[in-house]
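Beneath this line is the structure, given in structure tokens, with notes to follow.
Derivation of every value follows stated rules applied to the coordinates shown; laboratory data play no part. All of these numbers come straight from a predicted model, not from anything done at the bench. Because the Cβ atoms are built from the backbone with ideal geometry, glycine has one as well, and the counts that use them run over all protein chains shown.
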Amino acid sequence: MEQKEQAGLDFEIDILTHSIVNVQTGESLPTDIFVEPRELTEEDRRVFSKHIRDSKARMSPEEREHSKAYGEALRAMRRLGETKRRWLASQKLQAAV
């Protein structure tokens with residue numbers, strides 16, 4: 001009896017950029033991906049924390065510095081976005097008066 005060989009997936013879903021990446025060609029296709037929110041279990045938190053620790057352990061000092069700077073830039077952008085939302089809300093209130 002001939003056995004069929006199962007083929008693996010030739011794409012990955014990049015949750016960060018919301019795109020589908022073809023593993024063989026490296027082509028990235030933007031798309032909307034819906035991930036159903038759910039409560040994280042303690043086991044999920046442990047696995048996630050271990051993954052982060054392992055990733056950081058493999059980083060070179062330059063990569064760690066870049067990652068730190070990237071995180072700081074993201075936090076600054078969030079603060080700027082919040083400031084802009086507050087300013088727009090105040091403008092709407094002034095226009096309504």
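So the values come out like this:
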{"item": "Inter-site label distance for residue 69 and residue 82 at 7 Å from Cα along Cβ, in nm", "result": "2.5 nm"}
{"item": "Amide H contacts of residue 11 (H built 1.01 Å from N, under 5 Å, at least 5 apart or other chain)", "result": "23"}
{"item": "Cβ-based net charge around residue 72, under 12 Å, with every Lys or Arg adding one and every Asp or Glu removing one", "result": "+3"}
{"item": "Cα-based radius of gyration of the range 18-97 once divided by 2.2 N^0.38 Å, which approximates compact folds", "result": "1.68"}
